[in-house]
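The values are calculated or read from the model by the stated rules, or taken from the named source; none is laboratory data. Everything quoted here is computed from the prediction, not taken from an experiment. Cβ placement follows ideal geometry from the backbone for every residue including glycine, while neighbour counts extend to all protein chains displayed. All accessible areas refer to the heavy atoms of the entire protein, side chains included, with ligands and DNA or RNA removed. Shrake-Rupley method; radii C 1.70, N 1.55, O 1.52, S 1.80 Å.
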Amino acid sequence: MKSVINWFEIPVADMDRAIKFYEPVLQVTLKREQMDVAELAIFPHEDPATGGALAKFDGITPSSQGAIIYLHTDNLAATLDRVSSAGGACVFGPLELPRGIGTIALFTDSEGNRVGLHQPA
């Protein structure tokens, strides 16, 4: 197994609003794709076996409860500033983890999801 993460999807209610939030926060360009049952905005990734997207389809609802995914950042403080500027809010941290694991924080996004950020040590 290369990685425990294969694919993730962050539920959204309003795709345009979510893209407007995540692109400046993570300083990326998302690639929109339409499938039969889902609208996606895919995060850039080099490894074809690992990736993720914003996802809008019947049966999923953004939530601040449940599983938490952690997105990579090289500069946690700057990313949290962009979260705030984009209309989100830091809800936990930053917290420096033991044993040189790095620093984490949680934020709420434009859709009401709770998402983590991880800055490696």
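Among what's in region 25-48 and is of a type in the set (A, V, I, L, M) and more than 12 Å from the chain's Cα centre (by Cα), pick the residue that is nearest to residue 110 (Cα to Cα).
40
If you scan region 104-121, which residues turn out to be outside any strand (DSSP E or B), surrounded by 14 or more Cβ atoms within 10 Å (Cβ to Cβ) and in contact with an Asp or Glu (Cβ under 9 Å, 6 or more places away or on another chain)?
110, 111 - these are the residues of region 104-121 that are outside any strand (DSSP E or B), surrounded by 14 or more Cβ atoms within 10 Å (Cβ to Cβ) and in contact with an Asp or Glu (Cβ under 9 Å, 6 or more places away or on another chain).
Kindly establish whether residue 61 is open to solvent by less than 40 Å² (accessible area, probe 1.4 Å) and either over 22 Å from residue 4 (Cβ atoms) or in contact with a strand residue (DSSP E or B) (Cβ under 9 Å, 6 or more places away or on another chain) (or both).
no
Checking the conditions here, which among 34, 27 is open to solvent by 70 Å² or more (accessible area, probe 1.4 Å), of a type outside the set (Phe, Trp, Tyr) and under 25 Å from residue 3 (Cβ atoms)?
Going through 34, 27 in turn, the sole match is 27.
Consider residue 77 against the criteria (1) surrounded by 15 or more Cβ atoms within 10 Å (Cβ to Cβ); (2) closer than 18 Å to residue 120 by Cα: it satisfies all of them except one. Which criterion is unmet?
Here residue 77 clears every test but (1).
Take residue 83 and tell me if it is within 22 Å of residue 121 (Cα to Cα), open to solvent by less than 90 Å² (accessible area, probe 1.4 Å) and not polar (S, T, N, Q).
Considered against the rule, which asks whether it is within 22 Å of residue 121 (Cα to Cα), open to solvent by less than 90 Å² (accessible area, probe 1.4 Å) and not polar (S, T, N, Q), residue 83 comes out as yes.
If residue 44 meets every condition in (1) open to solvent by 60 Å² or more (accessible area, probe 1.4 Å); (2) under 18 Å from residue 117 (Cβ atoms); (3) touching a residue at least 60 places away in the same chain (Cβ under 8 Å) apart from one, which number is that one?
Of everything listed in (1) open to solvent by 60 Å² or more (accessible area, probe 1.4 Å); (2) under 18 Å from residue 117 (Cβ atoms); (3) touching a residue at least 60 places away in the same chain (Cβ under 8 Å), residue 44 misses just condition (3).
Can you name the residue in region 9-24 that is crowded, with 17+ Cβ neighbours inside 10 Å and of a type in the set (A, V, I, L, M, F, W, C) and is also nearest to the chain's Cα centre (by Cα) among such residues?
This residue is 10.
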